[in-house]
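The values are calculated or read from the model by the stated rules, or taken from the named source; none is laboratory data. In this text the structure is predicted, and so the values were computed from the model without any measurement. Here Cβ is always computed from backbone atoms with ideal geometry, including for glycine, and neighbour counts include all displayed protein chains.
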Amino acid sequence: MKFVLRLIALVFACASLLGTQAASAQEKSATKEGFELPAQSGKKILVFRPAISVGAQSTGGLFEPNAEWTEQAKTNIRASLDKLQLQLGNAVVTAPEAYGDDARAVEEHMALFAAVSQAVIEYQFFVGNRLPTKKRDNKNDVFEWSLGPGVASLPGASQADYGLFLYNKDQYGSTGRKVLQLVAAMGGVGVKSGEHIGYAGLVDLKTGDLLWLNADGAMGGDVREPEGSEKRVRQLLEDFPGSTIKDDQR
């Protein structure tokens, strides 16, 4: 009984967070005004190693990393990306392995890309949270976001025109979280079990401008499995400028 009461208390503690969760659980894509990338354009795309983290979601909603799941997902997603990048429509090169300061710079820019992507969702895509400047941008069909000129110094950037950044974070609901979800449902409160976030973005390697973004806060495909990972990569790269990739597995 005490356990159930604690769960109910958690339900109402989580209820105040539902508005924020709703903002992330939507899919949107956007392209910078005036940007076009037709197939066989002669431009070169540098693909950075995707940022991937997989774990469990605790009863209270905290992320608990799982090293084994993460390694499985890295292997599967990279294999799917190697397969599907041939359909991107333009020349693709893989970013060189980075070490020391270069590795830290790539990691920092990947984290920056994730933060910018989340900001795009919350403050431009999500109507209720739009910043005043983004309300005007949406009205005028303007998409203006950037990672800054520091991308020009990343390993391999001088050999390509654009950089492709991919970010994935998956939380699978723990047993406690699923029990909480059931108890919450009995009380008429919705609690989400699990979270599957993915962002894919094309960045101008000279200016740092974000040219295209596909951001999804409720992705499909179990990245711990090869088939699920291919579904995930297809979802991330659907509508990529100049590509023939389609998400035909929804």
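For this structure, a couple of remarks:
- Of all residues in the range 57-100, those being of a type in the set (Gly, Ala, Ser), surrounded by 13 or more Cβ atoms within 10 Å (Cβ to Cβ) and either more than 13 Å from ASP170 (Cα to Cα) or out of contact with any helix residue (DSSP H, G or I) (no Cβ under 8 Å at 6 or more places or on another chain) (or both) number 6.
- Of the residues making up the range 115-163, those that are among the aliphatic types (A, V, I, L, M), at pLDDT below 95, surrounded by 13 or more Cβ atoms within 10 Å (Cβ to Cβ) and in a loop (DSSP other than H, G, I, E, B) number 1.
- When the range 203-218 is filtered for residues that are more than 18 Å from GLY242 (Cα to Cα) and free of Cβ contacts under 8 Å to residues at least 60 places away in the same chain, only LYS206 remains.
- Pairs, first free of Cβ contacts under 8 Å to residues at least 12 places away in the same chain in the range 103-119, second part of a helix (DSSP H, G or I), C-beta under 9 Å, six or more apart: GLU108/GLY150
- Failed criterion for SER53 (all others in (1) part of a strand (DSSP E or B); (2) of a type in the set (S, T, N, Q); (3) modelled with pLDDT under 95 hold): (3)
- Residue list for the range 164-182, restricted to those being basic (Lys, Arg) and either modelled with pLDDT of 95 or more or within 22 Å of the chain's Cα centre (by Cα) (or both): LYS169
- If the condition is being surrounded by 15 or more Cβ atoms within 10 Å (Cβ to Cβ) and not in a strand (DSSP E or B), then the range 29-40 contributes LYS32, PHE35, LEU37.
- Screening ALA185, ALA200 for residues that are free of Cβ contacts under 8 Å to residues at least 60 places away in the same chain and closer than 19 Å to ARG49 by Cβ leaves exactly one candidate, ALA200.
- Number of the exception - LYS83 against (1) at pLDDT below 95; (2) over 20 Å from the mean Cα position of the chain (by Cα): (2)
- Among residues of the range 220-237 being part of a loop (DSSP other than H, G, I, E, B) and free of Cβ contacts under 8 Å to residues at least 60 places away in the same chain, the one that is surrounded by the fewest Cβ atoms within 10 Å (Cβ to Cβ) is GLY220.
- Residue count, the range 103-113 (criterion: surrounded by 16 or more Cβ atoms within 10 Å (Cβ to Cβ) and not β-branched (Val, Ile, Thr)): 5
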